[in-house]
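Since the structure comes first, as structure tokens, the remarks are kept for the end.
The values are calculated or read from the model by the stated rules, or taken from the named source; none is laboratory data. Computed from a predicted model, the values in this text were never measured in an experiment. With ligands, DNA and RNA removed, areas are computed over all heavy atoms of the protein, side chains included. Shrake-Rupley method; radii C 1.70, N 1.55, O 1.52, S 1.80 Å.
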Amino acid sequence: MIPFEGDALALAPRLIGVTLLVDGVGGIIVETEAYRRDDPASHSFSGPTPRNAAMFGPAFRAYVYRSYGLHWCFNIVAERHGAVLIRALAPLVGLERMAARRGGPAFLCAGPGRLTQALAITGALDGAPLDRPPFEWRERDGVPDIVAGPRIGITKAVEAPWRFGLCGSPFLSRRFPGTSPGYPRR
DNA sequence: TATCCGATGCCCT
DNA sequence: GGGCATCGGATAC
């Protein structure tokens, strides 16, 4: 059962603290980004195409696309043709399988490309429903402290503070501006 | 700590 | 043919 709802901007912070498992491997979501339909940085901005078809289908399915030719990125399709990019997890279950897939124990899920590698998410899951295997969800226990800041790696709408993170987590892909330094960048 | 750069595939104009 | 919602290694300081 999927414990969430809403459009991309509501869903992105709502997912922080929720546990995601894929085929029994995963952890606690600590970093997300929201991409809305009318957002120049969103793949859905210019309308439906073969690549972004999942974003124009039912909400709460996967949108998986290839990034820079070699990485996969995993999104949750939200209501109103938006999506939430899952950027980092606090690894919790299946650490050895993640390390084997990653080629080492470091930075298992700190970044969208590393996360899909650790969880074995590929384009084969593009459009897949999230309320059945291999996906499994566990609701968070209360509302965590959440920080927000600009999104990473985009060239349009760079100022919108639609990146969300679990405050103080050492598993973020990068630290948030204005927070204390010391988090691993890579 | 910050910046640069190459690898690499494919979508979209 | 241009442009990426990235990563990891190298370089300079």
Cα extents of region A:108-186 per principal axis, largest first, Å, are 39, 34, 23
Taking a ≥ b ≥ c as the square roots of the eigenvalues of the Cα gyration tensor, with a/c under 1.5 meaning rounded and otherwise prolate when a/b exceeds b/c and oblate if not, region A:57-107 is prolate
Sorted largest first, the C-alpha extents of region A:35-80 along its principal axes in whole angstrom are 29, 22, 17
Here region A:129-145 yields Karplus 3J(HN,Hα) values (6.51, -1.76, 1.60; θ = phi - 60°; whole Hz; Gly and Pro given as x) of x, 9, 9, 8, x, x, 8, 9, 10, 10, 4, 6, 9, x, 9, x, 6
With N residues in chain A, Rg(alpha-carbon) / (2.2 N^0.38 Å) equals 0.94
Percent antiparallel among DSSP beta bridges confined to chain A, rounded to 5, stands at 95 percent
Whole-percent carbon and sulfur contribution to the accessible surface of region A:8-166 (1.4 Å, no ligands, DNA or RNA) stands at 55 percent
Rounded to whole angstroms and listed largest first, the alpha-carbon spread of region A:77-147 along its three principal axes comes to 38, 33, 20
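Enter the accessible area per residue of chain A (Å², integer; probe 1.4 Å; all protein chains in place).
On the way: 8790 Å² over 186 residues.
So chain A comes to 47 Å² accessible per residue, rounded to a whole number.
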